[in-house]
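Please treat every number below as a calculation from the coordinates, not as lab data. Here the structure is a predicted model, which is why all the values come from computation and not from measurement. Every residue, glycine among them, receives a Cβ derived from its backbone with ideal geometry; neighbour counts consider all protein chains shown.
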Amino acid sequence: MKNKFKVILFNDIKGSSRLWKEFEDSIMHDMIKKIINIFKKLSKKYNGTIIKFVGDSFNIAFNNIKDAINLALDFYLYLNKNPLIISNTEKIQFRTGICYGEVTEINYNLNNCKLIDYYGNIVNTASRMESKVSSVNGLAIGIYKFNQNEINNIIEIINSNKKYSENWSIETKYFTNKCNINRQKRSMKLLHDLSIKCDNLSKLKGVDNIFVVNLIPKFN
């Protein structure tokens, strides 16, 4: 085991449990195959390493935040032009979460295959960005330490390419261990949704602040 800096991305299908229940397995299997092929191509283009597929959830690691953001946004732009239609009234939609920082890297063998995985709060937060924060067909990026340069860098990545800035608006949220736990707005309930009280972020091993950049798609 060793510690490394990594950008961790999670992507998941919205309402997949309902979709698997309502539609035939063959239809869903075909959709999953298409999604896997899209991610394989984009991962190669943006130097991402696919860590694992967990059902219809995808976990990808990168060495820098720019590649991770560009992969996610290109994925959504592709789907906007080439929607995954499952029926006359239904199409596959997604949520994506990203976080980055120091993670624990583990290399191991399973069934004679060399595998790699990452663990730690960065990984957990990336997963929660996807499941708790990201808008549908959008991207939430968690930044553990409030750093204006980091925030400016992320916004610049998005705005530097016209095809991105034309399709997304940027919503920012900031969470601190000093937040008012009685506030009811969703933007202030994030950490409660994660079962972590705002006044007890010490459970995240010294992390006191989380900054979230949520990209809200302008398309349906």
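Just to verify a number: FRET efficiency for residue 165 and residue 66, C-beta to C-beta distance, R0 = 25 Å, to 0.05? Write down the numbers at each step before the final one.
Numbers: r = 15 Å, r/R0 = 0.60.
Approximately 0.95, to the nearest 0.05.
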Open item on the list: Treating only the Cβ of Lys, Arg, Asp and Glu as charged (+1, +1, -1, -1), what charge dipole size does the chain show about its Cα centre? Round to the nearest 20 debye.
Closed with: 220 debye
- [ ] Quickly estimate the mean residue ellipticity at 222 nm for the chain, helices only: each DSSP H run with n ≥ 4 gives -39500 (n - 2.57), and the total goes over all residues, rounded to 500.
- [x] -10500 deg cm²/dmol
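Between residue 102 and residue 26, take the C-beta separation as r, use R0 = 41 Å, and let me know the FRET efficiency to the nearest 0.05. Mind showing how you got there, number by number?
Values: r = 43 Å, r/R0 = 1.04.
With a Förster radius of 41 Å, E is 0.45.
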Task: Candidates 21, 145, 40, ranked by Gaussian network fluctuation over the chain, Cα under 10 Å, top entry - done: 21
Open item on the list: If I model a spin label as a point 7 Å beyond the Cα along the Cα-Cβ vector, how far apart are those points for residue 78 and residue 90 in nm?
Closed with: 2.3 nm
Open item on the list: Distance cut-off 28 Å, Cα to Cα: go down the list 52/218; 21/218; 91/132 and report the pairs above it.
Closed with: 52/218; 21/218
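Give me the percent relative contact order of the chain, please, defined on Cα pairs under 8 angstrom at least 6 residues apart.
22 percent
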Open item on the list: Among [x] 154; [y] 309; [z] 142, only one was calculated for this model; which label is it, if the read-out is volume of the Cα convex hull per residue in Å³?
Closed with: [z]
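Which longest run of the chain has no exposed loop site in it, a site being GluC sites (Glu not before Pro) in a DSSP loop with at most 12 other beta carbons within 10 Å, and the site itself not part of the run?
Values: sites that count: 24, 166.
Answer from the scan: 25-165.
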